[in-house]
1. Could you grab me the full set of residues in region 17-32 that are surrounded by fewer than 19 Cβ atoms within 10 Å (Cβ to Cβ), in a helix (DSSP H, G or I) and within 15 Å of the chain's Cα centre (by Cα)?
2. Which is open to solvent by 20 Å² or more (accessible area, probe 1.4 Å), under 16 Å from the mean Cα position of the chain (by Cα) and at pLDDT 95 or above, of 109, 73?
3. Which one of the conditions (1) open to solvent by less than 40 Å² (accessible area, probe 1.4 Å); (2) at pLDDT 95 or above does residue 67 fail to meet, given that it meets all the rest?
4. Residue under question is residue 37, and the condition is that it be exposed (fewer than 13 other Cβ atoms within 10 Å of the Cβ) and among the polar types (S, T, N, Q); does it hold?
5. Residue by residue through region 70-80, note down the ones that are part of a loop (DSSP other than H, G, I, E, B) and touching an Asp or Glu at 6+ places or on another chain (Cβ under 8 Å).
6. If the Cβ limit is 7 Å and pairs must be 6+ apart or interchain, which residue in region 4-17 that is more than 14 Å from residue 52 (Cβ to Cβ) pairs with which residue that is polar (S, T, N, Q) and outside any strand (DSSP E or B)?
7. So how many residues does region 99-117 have that are within 24 Å of residue 78 (Cβ to Cβ) and among the aliphatic types (A, V, I, L, M)?
Amino acid sequence: MPRVAIALGSNLGDRKRLLDEAAAALAGVVDDLHLSTFHETDPVGVAAQPRFLNAAAVGHTGLEPADLLTVMLEIERRLGRERPHAGAPRTIDLDLILCGDLVLDEPGLTVPHPRFRDRLFVLEPLAEIAADWIDPVSGKTIRELLELVQG
């Protein structure tokens with residue numbers, strides 16, 4: 001079963017409870033799920049809105065990436081995620097960051113996530129639980145990517 005990395009974020013409602021519920025739901029399809037600590041972060045690339053609580057989770061799944069994405073979208077829906085416009089505040093956001101050493105680019109699904117290498121709010125929590133994981137596109141570890149972004 002491939003190892004997967006998922007980023008979690010919330011900036012509406014009871015953010016901690018929502019992240020905990022999302023992680024519990026993910027544990028139903030991702031074996032041996034490990035969750036980072038929670039990181040409070042400023043919104044990036046969106047209009048003024050509440051601060052985020054972010055985390056990362058890693059584990060193993062027998063699901064194909066598209067099937068895992070479908071499950072993740074259903075978890076978001078159950079936890080009240082609405083998508084009135086791009087960059088809108090959200091109760092929960094789940095992004096598939098890495099899936100083993102898979103490189104995939106198809107409509108609706110790109111793995112590794114195309115912007116994760118520049119996002120402290122993904123790299124910091126992910127480095128806590130998977131610092132030595134090698135990004136199959138850049139060939140750098142999560143720790144190295146984090147150091148590059150931190151400058």
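1. 20, 21, 24
2. Values: 109 fails: open to solvent by 20 Å² or more (accessible area, probe 1.4 Å).
On inspection, the qualifying residue turns out to be 73.
3. All conditions are met except number (1).
4. Details: exposed (fewer than 13 other Cβ atoms within 10 Å of the Cβ): yes; among the polar types (S, T, N, Q): yes.
The answer is yes for residue 37.
5. Step one: list which residues in region 70-80 are part of a loop (DSSP other than H, G, I, E, B), which gives 79-80.
Passing the criteria: only 79.
6. Once the first residue is more than 14 Å from residue 52 (Cβ to Cβ) and sits in region 4-17, its partners that are polar (S, T, N, Q) and outside any strand (DSSP E or B) give 4/61.
7. 2
To keep it simple, each residue is scored yes or no on (1) open to solvent by 80 Å² or more (accessible area, probe 1.4 Å); (2) aliphatic (A, V, I, L, M); (3) out of contact with any strand residue (DSSP E or B) (no Cβ under 7 Å at 6 or more places or on another chain); (4) in contact (Cβ under 8 Å) with a residue 60 or more places away in the chain.
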{"site": "44", "(1), (2), (3), (4)": "yes, yes, yes, yes"}
{"site": "48", "(1), (2), (3), (4)": "yes, yes, yes, no"}
{"site": "54", "(1), (2), (3), (4)": "no, no, no, yes"}
{"site": "78", "(1), (2), (3), (4)": "yes, no, yes, no"}
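The values are calculated or read from the model by the stated rules, or taken from the named source; none is laboratory data. Only a predicted model underlies this, so the values are computations on that prediction, with no experimental measurement involved. Please note: Cβ atoms are built from the backbone with ideal geometry, for glycine as well, and neighbour counts cover all protein chains shown. Areas reflect the complete protein model, heavy atoms only, side chains present, ligands, DNA and RNA absent. Shrake-Rupley method; radii C 1.70, N 1.55, O 1.52, S 1.80 Å.
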